[in-house]
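Peer 1: Pasting a structure below so you can have a look.
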Amino acid sequence: MVDKELEINIVMMKKLLVFSLIMFVFGYALVPFYEKFCEVTGINNLLQPDVLVKDNWVDEERWITVEFDANTRGLPWQFKPLQSSARIHPGQPVNVMYEITNDSDREINGQAIPSYSPRFLDKHLKKFECFCFTKQVLKPNETRQMPVQFVIEPSLPADIQTVTISYTFFELPDGVSAVKK
């Protein structure tokens, strides 16, 4: 009786191992299939420059000055944009770099929270890449440059000629993954 149960268990174990191997291979093979699917359908291609330009109309008759601001609250960090402003056409893709330095002797988790002026700018702003999307972990005395890639849509009211994009970094307690926005 014990030999029969052992034989059944061994057969079952072999079936489960084969099934597990097939599922692993299937999961691994899904990555190129997913990438091809996204390429064909145009999904998940937001960061490609040609898509940014192709999908947005650029109003070349109008100029907007975008001012960049950076702050920290309760953090021993230096945080600044590498350029203080940019003069752009609405609909034109913009890339800006920010630099952050942890001046302390300990690793610190931080999260950047954006704010805009005028307040309704967020309805006309499309961010494609931003350090504010995720928690940032800086080691002691680490300096990092972080990009922000965005477009201000031409639907921004014509009487608005200057806007401000500001980020404020706050410390995240250990164990907190990110602040929900």
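Peer 1: Scan the stretch 159-178 and tell me whether some residue there is outside any strand (DSSP E or B), modelled with pLDDT of 90 or more, touching a Lys or Arg at 6+ places or on another chain (Cβ under 9 Å) and over 30 Å from Glu61 (Cα atoms).
Peer 2: Among the residues of the stretch 159-178, not one is outside any strand (DSSP E or B), modelled with pLDDT of 90 or more, touching a Lys or Arg at 6+ places or on another chain (Cβ under 9 Å) and over 30 Å from Glu61 (Cα atoms), which makes the answer no.
Peer 1: From the residues in the stretch 158-173 that are of a type in the set (S, T, N, Q) and touching a Pro at 6+ places or on another chain (Cβ under 9 Å), which one is nearest to His124 (Cα to Cα)?
Peer 2: Out of the qualifying residues, it is Thr164.
Residues checked against (1) within 28 Å of Gln136 (Cα to Cα); (2) modelled with pLDDT of 90 or more; (3) among the polar types (S, T, N, Q); (4) surrounded by 13 or more Cβ atoms within 10 Å (Cβ to Cβ):
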| position | (1), (2), (3), (4) |
| --- | --- |
| Gly27 | no, no, no, no |
| Asp55 | no, no, no, yes |
| Asp103 | yes, yes, no, yes |
| Pro114 | yes, yes, no, yes |
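Peer 1: Considering only residues that are part of a loop (DSSP other than H, G, I, E, B) and in contact (Cβ under 8 Å) with a residue 40 or more places away in the chain, which ones fall in the stretch 112-154? So that I can check it myself, show each step before the final result.
Peer 2: Taking the stretch 112-154 first, the residues part of a loop (DSSP other than H, G, I, E, B) are 118, 124, 134-135, 139-142, 153-154.
Pro118, Thr134, Lys135, Asn141, Glu142, Glu153, Pro154, listed by residue number.
Peer 1: Now for a separate question. Does Lys135 count as within 15 Å of Leu172 (Cα to Cα) and either surrounded by fewer than 14 Cβ atoms within 10 Å (Cβ to Cβ) or out of contact with any Phe, Trp or Tyr (no Cβ under 9 Å at 6 or more places or on another chain) (or both)?
Peer 2: Yes, satisfied.
For (1) at positive phi; (2) at pLDDT below 80; (3) among the basic types (Lys, Arg), each residue gets a yes or a no:
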site	(1), (2), (3)
Glu7	no, no, no
Lys14	no, no, yes
Val18	no, no, no
Ile22	no, no, no
Pro32	no, yes, no
Glu35	no, yes, no
Ile43	no, yes, no
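Peer 1: Could you check the stretch 66-100 and list, in sequence order, the residues that are touching a helix residue (DSSP H, G or I) at 6+ places or on another chain (Cβ under 9 Å), of a type outside the set (Phe, Trp, Tyr) and not in a loop (DSSP other than H, G, I, E, B)?
Peer 2: So in the stretch 66-100, the residues touching a helix residue (DSSP H, G or I) at 6+ places or on another chain (Cβ under 9 Å) come out as 91-93, 98, 100.
Now drop any that are not of a type outside the set (Phe, Trp, Tyr), which leaves 91-93, 100.
If the condition is that a residue be touching a helix residue (DSSP H, G or I) at 6+ places or on another chain (Cβ under 9 Å), of a type outside the set (Phe, Trp, Tyr) and not in a loop (DSSP other than H, G, I, E, B), then Ile100 is the only one that fits.
The values are calculated or read from the model by the stated rules, or taken from the named source; none is laboratory data. The structure presented is a predicted model; accordingly, all values stated were derived computationally and were not measured. Counting neighbours? That spans all protein chains shown, and the Cβs are built from the backbone with ideal geometry, glycine included.
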